[in-house]
1. Compare 13, 82 by solvent-accessible area with a 1.4 Å probe and give them largest first, with all protein chains kept in place.
2. Using a 1.4 angstrom probe with every protein chain in place, what is the largest-first accessible-area order of 112, 81?
3. With a 10 Å radius around each residue's Cβ, average the other Cβ atoms per peptide and rank 54-63, 157-166, highest first.
4. Rolling a 1.4 Å sphere over the protein heavy atoms, what is the accessible area per residue of segment 105-163, to the nearest Å²?
5. Tabulate in residue order the Karplus-calculated ³J(HN,Hα) for segment 64-81, using 6.51 cos²θ - 1.76 cosθ + 1.60 with θ = phi - 60°, rounded to whole Hz; enter x for Gly and Pro.
6. Taking the Cα-to-Cβ direction at residue 44 and at residue 8 and moving 7 Å from each Cα, how far apart do the two end points lie in nm?
7. Report the calculated FRET efficiency for residue 71 and residue 116 (r = Cβ-Cβ distance, R0 = 22 Å), to the nearest 0.05.
8. Report residue 71's accessible area, 1.4 Å probe, all protein chains in place, as a number in Å² to the nearest 10.
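The values are calculated or read from the model by the stated rules, or taken from the named source; none is laboratory data. These numbers come from a predicted model, not from an experiment. Reconstructed Cβ throughout: ideal geometry from the backbone, glycine too, with neighbour counts over all protein chains shown. Surface areas here come from the heavy atoms of the whole protein model, side chains and all, with no ligands, DNA or RNA. Shrake-Rupley method; radii C 1.70, N 1.55, O 1.52, S 1.80 Å.
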Amino acid sequence: MVTSIQITALDGIVNVNSLFTFAVFVGLAWNPTSPSDTLITDTACTAGRSVGEALISFHVYSFSCFLFSSLVALALKQAIRISRTPGYSITQNNPFHLPAEFLGQVNKNLLRIGMLISGIGSAFGCVFLMLALVNVVQLKLGTLSCGSSHTYAAVVPLVIFVPVAILIYSSLVLYAFTR
């Protein structure tokens, strides 16, 4: 039997991943390495080519993780929709009046594993997006090695709040996994 907690968790994964995927696309469309679009005054603090390459790589990794996670979550939701559950009703759960032979059972263990995999994909996507944002800060405000207070003021909250949010998110996914 599928609970509303599992359906809500899958909906949350898909919704959050959609927002982050949009953010990644915006980040990839923008040219962060343009020398005219920076706030760095000391040329010694200008980030090198490797930071720009890492920025693009982390955006692509992030997009891949979010897309993977969303596709797994959507596949699980589709499997739930076409399965027969206790309390099955032709009018509510089967609006197309499919014969019972076309309906299957959802293996609860596979559902849990799929939810866990989808949650892990989202968490990794958030980590890669955070790393991409750290590189954006280095391109715009100066490298971390220069010790700019503006750079640290942007990066420190990012590397504190994002992992805490991932921990909370992971806890909720694990809670849904056990139910």
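1. Descending accessible area places them as 82, 13.
2. Final ranking, largest accessible area leading: 81, 112.
3. 54-63, 157-166
4. Heavy-atom SASA per residue in segment 105-163 reads 48 Å².
5. 4, 5, 5, 5, 4, 4, 5, 5, 5, 5, 5, 5, 5, 4, 5, 4, 5, 4
6. Rounded to a tenth, the inter-label distance reads 5.5 nm.
7. 0.90
8. Approximately 100 Å² of residue 71 is accessible to the 1.4 Å probe.
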